[in-house]
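Any read-out appearing in this document is the output of simple, stated calculations on the displayed coordinates, not a laboratory observation. Owing to the predicted nature of the structure, the values given are computational and were not obtained by experimental measurement. For neighbour counting, all protein chains shown are included, and Cβ atoms are generated from backbone atoms with ideal geometry for every residue, glycine included.
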Amino acid sequence: MNLNLRHLQIFREVARTQSISAAARSVHVSQPAVTQAIGTLERHFAVALFVRSHSGVTLTPAGHLCAQRADRAIGQLTDAIMELPRSLRARSNADSVRVIRSTHLEALNSVVEHRNFSLAARALRKSQPTIHRAARELERVLGVPLFEKTSFGIVPTREAERLARRARLALAELAQAHAEIQSLAGTAIGRTVIGAMPLARSFLVPRALIDFADEFPEHEVSIIEGTYEHMLSELRAGAADVLVGALRDRAQVGDVVQEHLFDDPLAIVVRAGHPLTRRARVSLAALTKYPWVVPRSGSPLRKHFNALFESAGVDVPRGQIECNSLVAARALLMESDRLLLLSSRQIHYELLAGMLVALPHPAGTVLREIGMTWRRDWHPTSAQQRLIELLRQHSGGHAPVAKRKVRVPDLHPDAKRF
């Protein structure tokens, strides 16, 4: 996406003034330069952005989409520059955006990600001098040091890290523009990255994607996994579009939006034939006699595990194995008498195969909130909006969650929420 961001600014000015000559005067370039910039953008997007007439120019439907995304992309970069420390901003201001090219941003992003010019060049399939030159040009344009020499080599400065995050969001907006413009012609291209937590990977996301792929076969979808902290970082940087899984404390994630989909009841999971399966009711005292496989520390499921014992004033069992991998946890359960606190939805197929058994939670129905998370300033394309709708539908709700929460029926008269 070797777009000249100066061309985007010229395009925005033409859209505002509805005149080639007026835009030329406003940005201090010649009329042929404005015409050339618009032509470059139209070739890039393979569509007409303006309708020309004797009275001036007006945006086409594709032009309107491009203008909206261009405003958001330029806004990200302008905000990034204005966020620079005041001592540095004296040499750099929002006007710097007009000479920044996407090649500068791509070089910056790659060097920040790989922490090395050679590795960054290899990732972009370009020569090391090309990446080095683009990164250093960006430094000169901004008048801000973006890289510094240390005993470990060249490393990005804090300002480079912040600018790279905004740059990724800006480039994501331009990619969204391309996808939306193509959708006008009936080609629903584009790409969506879903950060899926364990429960979502087990049933919700796969089911929604099967239907989505039938409707949008040319739209690429990538599923990533990892710790919540890692995926939230990817979301904030524009490397992921939406997270699906257990919701977190809303006070800790103020720059993102969380939407509740349904409440998920937890169970005690054991192997088929486990001694506890022969009991009519499993008491808390019985659970303390067996070793456990426990979720990662700090996760919502780990908090539920601790609450199971702490609420009754009972010491948490010793001899735990901490495991955040469902595959490894399943093997540990199958080969021992260990216990695991988990949603029965996550072991749906193991239950059908008779490999594992889900025992009722001794406290009754203990629920955790499952939902979606996205950046507060994220504007999905029509295809992405349809994917969000399918995730809602497959979670059990067909109305907006803000109006109606979907709940799993209580399985025990003494339902509790920890």
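Our summary gives the chain a relative contact order of 15 percent, counting only alpha carbon pairs under 8 angstrom and 6 or more residues apart. Rounded to whole numbers, the Karplus 3J(HN,Hα) couplings from phi for the range 217-231 are x, 9, 8, 7, 10, 10, 9, 10, 9, x, 5, 4, 4, 5, 5 Hz, using 6.51 cos²θ - 1.76 cosθ + 1.60 with θ = phi - 60°, and x at Gly and Pro. The candidate values are (1) 20.8, 73; (2) 23.4, 74; (3) 26.5, 86; the one derived from this structure for Rg and Dmax of the Cα atoms in Å carries the label (3).
Inverting the pair-averaged 1/r between distinct Cα atoms of the range 266-367 gives 13.6 Å as its Kirkwood hydrodynamic radius. Close amide H partners of residue 262, meaning residues 5 or more places away or on another chain with modelled amide H under 5 Å apart, are 370.
Computed extension gain for residue 306 through residue 185, at 0.36 nm per residue and net of the alpha carbon distance, reaches 38.2 nm. Loop-located chymotrypsin sites (Phe, Trp or Tyr not before Pro) in the range 298-382 (DSSP state not H, G, I, E or B) with no more than 11 neighbouring Cβ atoms inside 10 Å do not occur. Springs between Cα atoms under 10 Å define the GNM used for the chain, and in it the highest mean-square fluctuation of 101, 12, 158 occurs at 158. The H on the amide N of residue 224, modeled in the peptide plane, is under 5 Å from the matching H of 194, 195, 196, each at least 5 residues off or on a different chain.
Working note: Karplus 6.51/-1.76/1.60 with θ = phi - 60° gives the range 287-299 the couplings 5, 6, 8, 10, x, 10, 9, 10, x, 4, 4, x, 7 Hz, where Gly and Pro are set to x. 3J(HN,Hα) along the range 313-323, derived from phi through the Karplus expression 6.51 cos²θ - 1.76 cosθ + 1.60 where θ = phi - 60°, amounts to x, 10, 5, 5, x, 8, x, 7, 10, 7, 8 Hz, with x in place of Gly and Pro. Within the listed set 237, 121, 267, the Gaussian network model of the chain (springs between alpha-carbon atoms below 10 Å) gives the highest mean-square fluctuation for 121. The number of Lys pairs in the chain with C-alpha atoms less than 24 Å apart, excluding pairs fewer than 8 positions apart on the same chain, is 7.
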